[in-house]
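The values are calculated or read from the model by the stated rules, or taken from the named source; none is laboratory data. What you are looking at is a predicted structure, and each value in this text was computed from that prediction instead of being measured. Cβ placement follows ideal geometry from the backbone for every residue including glycine, while neighbour counts extend to all protein chains displayed.
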Amino acid sequence: MRITCPLCGERDRREFYYKGAALVRPAEGADLDAWHEYVNLRENPAGPLDELWYHEMGCNSWLKVTRDTATHEILAVQLASEAGLGGEK
Amino acid sequence: MRFSGWRVLREGLTGNKGWRPHWRDPEPKSEYDVVIIGGGGHGLATAYYLAKEHGITNVAVLEKGYLGGGNVGRNTTIVRANYYLPGNSEFYSHSLRLWEGMEQDLNYNAMMSQRGIINLFHNDGQRDAAVRRGNSIVNQGDDAEILSREQVRELAPFLNFENNRFPIMGGLMQRRAGTARHDAVAWGFARGADMRGVDLIQNCEVTGIDVENGKVVGVQTARGPIRAKKVALAAAGRSGQVAAMAGLTLPIESHVLQAFVSEGLKPIVDHVITFAEGHLYISQSDKGGLVFGSYLDFYSSYAARGNLPMAEHTMESFVAMVPAVSKARLLRSWGGIMDMTPDGSPIIDHSPIDGLYLNCGWCYGGFKATPGSGSVYAHLIATDRPHGAATRFKLDRFRSGVGLMDEEGAGAQHNLH
């Protein structure tokens, strides 16, 4: 599995740390259910999934990677900062 | 059909013409008391114990492929009860006791081999943790002993005792642990359930779960609708998709865990051995293949195959600990779909929907749990109360944070176990 970092180009999977599904963090005062959903619950699809990967051994960027969990095919890569994933829900 | 040495002899002398299929291939009925979704180890064991312990025989096991084609056929066959935390500890103890009587109970040869497991430790901290865990295992009523470096050397002289970075200081041994023939476990439970009247229905994918007024009433399948008073999930890595049919979202990510087998070699590894470096675990099958694996690949996957970096890491660990295997060739590898919970422990509980039961989140530990899981799940389904050995596998522990069972102390978060 190789991921094309928007800044560094195509790199080996070993350069990246996997965070999991790309979810937007609830606001600080959000209720328990919102946090439960964010921390624990997962759609867990067998197919395309938006994920957060961290280019730990490259440019240190957080990436939003759309990847097919059934085939490992990388469908799209975008800087997380440009994907609207920062901040709170 | 009863298996015995006499029967094997008689069949051998008469051309093996007397053997019959081990279970029926029934058409699904329109209604059952209990429908179990998933014909793997846990689903089949659940059906068996429902029939045997609770007298509930109007049961169907629905399997989308063939019986035992999922994780029960895709593991490293290790059986053990060396867990530390209350909740896990008594459950795996219960399960190991069932393993010990299973072949006689099922009249089926599952090649249960109590060859013992040795968890090596390489530094003072790991030794202290092993002693503490060993004491906990003894307290739960099972066996554990600390081996010195020389005792380990006597049992496993092929290990690398000259490794300066990861010196072998000793090991935690559980002699009652071992391995079992994984396929035979599924077949034995299947046959036992079928003999008691359970319908095992293969090629019957569940496509929907029917819920009316908050109560489950049946399932939609590739072979038509089936009504059911109770529906029990046992779908392992596919639990998320099955639960979604009932509108539930589970605290589960499905990840891939790889396993490997070398070419057949003469007997060398007499036990199951784990290394505290790189999470490696090895054993040798009766065919001579070295069976081994290590970490998850650490990304969500349903591909049932992994990537090369983890394969490389696993081989490196193996060669570091057993230099002799560098000359062995790898025969094959595969991946299993692991239903990972945030704390690394399973869920056996009611669901928020009346009559719908959950058995999932086995992470990478499902095989050793097979009889225990079947027995306690059957108890829950039959009585609507948790079995005494499985009172802490609650679904709501993730929401409340109370009763989390994080065996590794890594934190109750996805992707940490």
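With B:Gln241, B:Gln220, B:Gln202 as the choices, which residue is touching a Leu at 6+ places or on another chain (Cβ under 8 Å), polar (S, T, N, Q) and surrounded by fewer than 23 Cβ atoms within 10 Å (Cβ to Cβ)?
None of the other options fit; the residue is B:Gln202.
If A:Arg42 meets every condition in (1) farther than 21 Å from B:Pro342 by Cβ; (2) in a loop (DSSP other than H, G, I, E, B) apart from one, which number is that one?
Exception for A:Arg42: condition (1).
Residues checked against (1) surrounded by fewer than 21 Cβ atoms within 10 Å (Cβ to Cβ); (2) among the charged types (D, E, K, R):
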| position | (1), (2) |
| --- | --- |
| B:Asn16 | yes, no |
| B:Gly38 | no, no |
| B:Leu44 | no, no |
| B:Ala60 | no, no |
| B:Asn82 | no, no |
| B:Tyr92 | no, no |
| B:Asp105 | yes, yes |
| B:Tyr108 | yes, no |
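Report whether or not B:Gly38 is farther than 23 Å from B:Arg227 by Cα and of a type in the set (Gly, Ala, Ser).
No, not satisfied.
Having 2 or more residues that are touching a residue at least 24 places away in the same chain (Cβ under 8 Å), closer than 30 Å to B:Gly70 by Cα and among the aliphatic types (A, V, I, L, M) is the bar; report the strands (runs of 3 or more DSSP E) wholly within the stretch B:94-187 that clear it.
So the answer is B:117-121.
So, in the stretch A:18-34, exactly how many residues are within 12 Å of another protein chain (Cβ to nearest Cβ) and surrounded by 14 or more Cβ atoms within 10 Å (Cβ to Cβ)?
Count: 7.
For the stretch B:235-267, how many residues meet the condition of being under 19 Å from B:Gly41 (Cβ atoms) and hydroxyl-bearing (Ser, Thr, Tyr)?
The number of residues fulfilling the criteria is 2.
So in the stretch B:143-185, with the set limited to residues that are modelled with pLDDT of 95 or more and acidic (Asp, Glu), which one is nearest to B:His94 (Cα to Cα)?
Going through the qualifying residues, I end up with B:Asp143.
For the stretch B:336-373, name all the residues that are over 14 Å from the mean Cα position of the chain (by Cα) and polar (S, T, N, Q).
Residues satisfying the conditions are B:Thr341, B:Ser351.
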